[in-house]
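Please treat every number below as a calculation from the coordinates, not as lab data. Computed from a predicted structure; not experimentally measured. Every residue, glycine as well, gets a Cβ built from its backbone with ideal geometry; the counts of neighbours run over all protein chains shown.
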Amino acid sequence: MQGSSAILVAILVVVSVLVQQGAAEPTCRPTESYLTSNPRDCRSYYYCFEGKSYYGICGPGHRFDESRQSCLQASVSECFPCPAAGAINMPHPTSCQKFVLCFLGVANERECPPGLLFNQQLRQCDLIANVTC
């Protein structure tokens, strides 16, 4: 029985460490108020106030800049979540006339030819009549 208890304790310790590593919330200083970036998402940030953190997110097409303590317009290459493997066309965050080609985790902004818009279902440019934007 002692062997199984030791294994259970070891599993709980490993899970606890993994949960702490996955937590993105910052440790806020107890007497200050400031904004700090979320290391896992360039669009979001935490507002630290009297030792507590509050989650915030910038609007579409914007990223959080910690040095300026504000949300700034972002280029697709700066702040677009692409899958790490493969190639896929994704909707552009601000324009139906554009799309993002994700290739091996790198975002590349592309534009549809005149008269076409990006069709999210087909993941390609399509006739305007076929696209809900």
In nm, the gap between the two label points placed 7 Å beyond Cα toward Cβ at Tyr54 and Ser67 is 2.8 nm
With R₀ set to 30 angstrom, the calculated FRET efficiency between the beta-carbons of Cys133 and Tyr47, to the nearest 0.05, is 0.35
How are the alpha carbon pair distances in the stretch 36-133 distributed across 10 Å bins from zero to the largest one, expressed in percent? 16, 37, 29, 14, 4, 0
What span do the alpha-carbon atoms of the stretch 26-73 cover on each of the three principal axes, reported in whole Å from largest to smallest? 32, 18, 14
For the stretch 77-127, convex hull volume per residue from C-alpha positions, Å³: 67 Å³
Additional length obtainable on full extension of the chain from Thr27 to Thr94, 0.36 nm per residue less Cα span: 20.8 nm
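Kindly rank 55-62, 95-102 from highest to lowest mean number of other beta carbons found within 10 Å of each residue. Please report the intermediate quantities before stating the final value.
Numbers: 55-62: 14.1, 95-102: 18.4.
The packing order, highest mean first, is 95-102, 55-62.
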